[in-house]
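Below is one structure, written out as structure tokens, with a few remarks after it.
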Amino acid sequence: MPPYGAPREVPHVHGKPLAEWGERLLARIIDCLAVAVPVYLVIVLLFSVIQLVTVGTGTLQPWTLFDLLAGLSVVAGLVVYEFLMLTRANGRTLGKMALGLRVVPQEHPPQQDGNLPPNTALARGAVWWGPGLIDFILPIPMIGLLLAIAFVLVNGLWPLWDQPWRHSLNDKFTGTVVVKDR
């Protein structure tokens, strides 16, 4: 055991060191911005269509349907983005590309093409972003939103105390790690 305060050696997976928490955070911020613009455009389009269809009918308040579709669009956009990038871009999202990071399986070597298997990529995205749907399941206003935000924060902070592998909860669920790949 190293002396108190001595730096720990960073574990390596498949010959590559694990990514630092700050690098992962910055990559996630870049990814959220990359998804935000197209999803925002979809939401504006949805709201416009809903207003045209529902205003004056008295059948449904446009905000109710809009909130549901907007929330589903955001969660779906984030999960689909994560899935497509990790299965087609060598286990990297745009943020991970910018910072030289990559998601790899922890226990077995990556696939020949470097991509994550589709079931792993889908599960990873669903575990990270799926709790955002809690807001639409719970009938108590704001409680679902607060729970969803709390989960995203806990998941994002988890690598700070998960030693030595620096897993977030979606990494633990899917058996993946994020490594430096430069």
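The values are calculated or read from the model by the stated rules, or taken from the named source; none is laboratory data. Since the structure is predicted, the reported quantities are computational estimates derived from the model, not experimental observations. Cβ: placed from backbone, ideal geometry, glycine included. Neighbour counts: every protein chain shown.
Before moving on, here are some points about what is shown:
- Checking every residue in segment 87-106 against the condition of being touching a residue at least 40 places away in the same chain (Cβ under 8 Å), crowded, with 19+ Cβ neighbours inside 10 Å and over 28 Å from Gly15 (Cβ atoms) gives zero matches.
- Pairs with Cβ under 9 Å, 6+ apart, first in segment 42-57 and modelled with pLDDT of 80 or more, second loosely packed, with under 13 Cβ neighbours inside 10 Å and not polar (S, T, N, Q): none
- Residue tally, condition closer than 30 Å to Val13 by Cα and surrounded by 13 or more Cβ atoms within 10 Å (Cβ to Cβ), over segment 125-151: 8
- With respect to being hydrophobic (A, V, I, L, M, F, W, C) and surrounded by fewer than 18 Cβ atoms within 10 Å (Cβ to Cβ), Leu122 falls outside the description.
- Residue in segment 170-182 that is more than 15 Å from His14 (Cβ to Cβ) and either touching a Ser or Thr at 6+ places or on another chain (Cβ under 8 Å) or crowded, with 17+ Cβ neighbours inside 10 Å (or both) present: yes
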